[in-house]
Amino acid sequence: MTWGLKNRLSRIIKPETGRTVMLAIDHGYFLGPTTGLEVPSKTIAPIIPFADALMPTRGVLRTSVEATTSTPIVLRVSGGNSIVGSDLSNEGITTSMEEAIRLNAAGVALSIYVGSEYEHQTLMNLSRLVDKGERYGMPVLAVTAVGKEMARDTRYLALCCRIAAELGAHFVKTYYCEDFEKVVTGCPVPLVIAGGKKLPEKEALQLTYDAIVHGATGVDMGRNIFQSAHPV
């Protein structure tokens, strides 16, 4: 791992704690103006000071995040389908590594869909992105996206996370599950937890606590923060 890659990753996962609280605001790339993100700038401004990293698309970054921010950016670089499309897993790379560097990203993120029709395509997307990330010193976050037909159980998530690590992802975003320690043990890179759909706030906090206790490095939550009545 090069100095630049280590340095970027240390901005996302804080060396003094080994933890991160990431704020995911990339939902619009397939959901459109979802509740709480209708006007991204109004959502982001009050809560960005409390995030260790922000995960937007390049469009939202350019239009809705102040260029003076010191919060590291993990840039969503995959997409190509919507909730009205035939298959969300039919994704490609939408943003070049050079563009991510121009935008001063601290990392880039894409989804993989293990077990879907387009599994091979998304895993090859990850492999190519890791190659470019290594070339430019850019950490890659693999997001283990789960289709409606997939169970979020230990065996499946352990499979997804291990494959992502084997293909070179520098850290992985996944879901919390029973026996989560098995997922952590089988994945040699840091794991951050997705929040998924909005939960009652106490449940979201409990989910976060349980994940950290059982080995997660941090969380990358969106709707459980910005759809709260009191996001800050």
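Pairs needed: first member in segment 43-58, in contact (Cβ under 8 Å) with a residue 24 or more places away in the chain; second member anywhere, open to solvent by less than 20 Å² (accessible area, probe 1.4 Å) and charged (D, E, K, R); C-beta distance under 6 Å; at least 6 residues apart or different chains.
Within 6 Å, the pairs are M55/D26; P56/D26; T57/D26; T57/R76.
Can you pull out the residues in segment 5-37 that are of a type in the set (S, T, N, Q) and over 26 Å from S89 (Cβ atoms)? Let's see the steps before the verdict.
The first filter runs over segment 5-37 and keeps only residues of a type in the set (S, T, N, Q), leaving 7, 10, 17, 20, 34-35.
Across segment 5-37, the qualifying residues are N7, S10, T17, T20.
Yes or no: R58 in contact with an Asp or Glu (Cβ under 8 Å, 6 or more places away or on another chain), basic (K, R) and open to solvent by 20 Å² or more (accessible area, probe 1.4 Å)?
yes
Could you tell me which residue of segment 192-232 is modelled with the highest pLDDT, considering only residues that are outside any helix (DSSP H, G or I) and among the polar types (S, T, N, Q)?
By that ranking, first place goes to T217.
Out of segment 164-190, which residues are open to solvent by less than 30 Å² (accessible area, probe 1.4 Å) and either more than 21 Å from V74 (Cα to Cα) or more than 17 Å from the chain's Cα centre (by Cα) (or both)?
C177, F180, V183, G186
From L129, L123, L141, which residue is in contact with a Phe, Trp or Tyr (Cβ under 9 Å, 6 or more places away or on another chain) and either under 21 Å from L9 (Cβ atoms) or assigned to a strand (DSSP E or B) (or both)?
From the options L129, L123, L141, the qualifying one is L141.
Can V219 be described as of a type in the set (V, I, T), open to solvent by 60 Å² or more (accessible area, probe 1.4 Å) and touching a residue at least 40 places away in the same chain (Cβ under 8 Å)?
Working: of a type in the set (V, I, T): yes; open to solvent by 60 Å² or more (accessible area, probe 1.4 Å): no; touching a residue at least 40 places away in the same chain (Cβ under 8 Å): yes.
The answer is no for V219.
State yes or no: is V130 over 20 Å from D26 (Cβ atoms), surrounded by fewer than 22 Cβ atoms within 10 Å (Cβ to Cβ) and touching a strand residue (DSSP E or B) at 6+ places or on another chain (Cβ under 6 Å)? Don't jump to the end; show me each part of the working.
Values: over 20 Å from D26 (Cβ atoms): no; surrounded by fewer than 22 Cβ atoms within 10 Å (Cβ to Cβ): yes; touching a strand residue (DSSP E or B) at 6+ places or on another chain (Cβ under 6 Å): yes.
For V130, the condition - over 20 Å from D26 (Cβ atoms), surrounded by fewer than 22 Cβ atoms within 10 Å (Cβ to Cβ) and touching a strand residue (DSSP E or B) at 6+ places or on another chain (Cβ under 6 Å) - is not met.
Check whether at least one residue in segment 98-120 is part of a helix (DSSP H, G or I), of a type in the set (V, I, T) and open to solvent by 10 Å² or more (accessible area, probe 1.4 Å), and report yes or no.
So far as segment 98-120 goes, yes, one or more of its residues are part of a helix (DSSP H, G or I), of a type in the set (V, I, T) and open to solvent by 10 Å² or more (accessible area, probe 1.4 Å).
Within segment 77-97, count every residue that is open to solvent by 30 Å² or more (accessible area, probe 1.4 Å) and outside any loop (DSSP other than H, G, I, E, B).
Here the count works out to 1.
Here are some residues: R19, R8. Which one is crowded, with 18+ Cβ neighbours inside 10 Å, out of contact with any His (no Cβ under 6 Å at 6 or more places or on another chain), modelled with pLDDT of 95 or more and basic (K, R)?
R8
Conditions (1) among the aliphatic types (A, V, I, L, M); (2) over 18 Å from the mean Cα position of the chain (by Cα), marked per residue:
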{"site": "I12", "(1), (2)": "yes, no"}
{"site": "A51", "(1), (2)": "yes, no"}
{"site": "P56", "(1), (2)": "no, no"}
{"site": "A67", "(1), (2)": "yes, yes"}
{"site": "D87", "(1), (2)": "no, yes"}
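Within segment 137-148, is there a residue that is farther than 21 Å from R223 by Cβ, in contact (Cβ under 8 Å) with a residue 12 or more places away in the chain and either open to solvent by 20 Å² or more (accessible area, probe 1.4 Å) or of a type in the set (S, T, N, Q) (or both)? Walk me through how you get there before you give the answer.
Here is the first cut: in segment 137-148, the residues farther than 21 Å from R223 by Cβ are 137-140.
In the following step, the residues that additionally are in contact (Cβ under 8 Å) with a residue 12 or more places away in the chain were identified as 137-140.
Now narrow it down to the ones that are either open to solvent by 20 Å² or more (accessible area, probe 1.4 Å) or of a type in the set (S, T, N, Q) (or both): none.
The answer is no, given that none of the residues of segment 137-148 is farther than 21 Å from R223 by Cβ, in contact (Cβ under 8 Å) with a residue 12 or more places away in the chain and either open to solvent by 20 Å² or more (accessible area, probe 1.4 Å) or of a type in the set (S, T, N, Q) (or both).
The values are calculated or read from the model by the stated rules, or taken from the named source; none is laboratory data. Fair warning: this is a prediction, and the values are worked out from it, not measured in the lab. As a convention, Cβ positions derive from the backbone with ideal geometry for all residues, glycine included, and neighbour counts pool all protein chains shown. Keep in mind that these areas ignore ligands, DNA and RNA; they rest on the heavy atoms of the full protein, side chains included. Shrake-Rupley method; radii C 1.70, N 1.55, O 1.52, S 1.80 Å.
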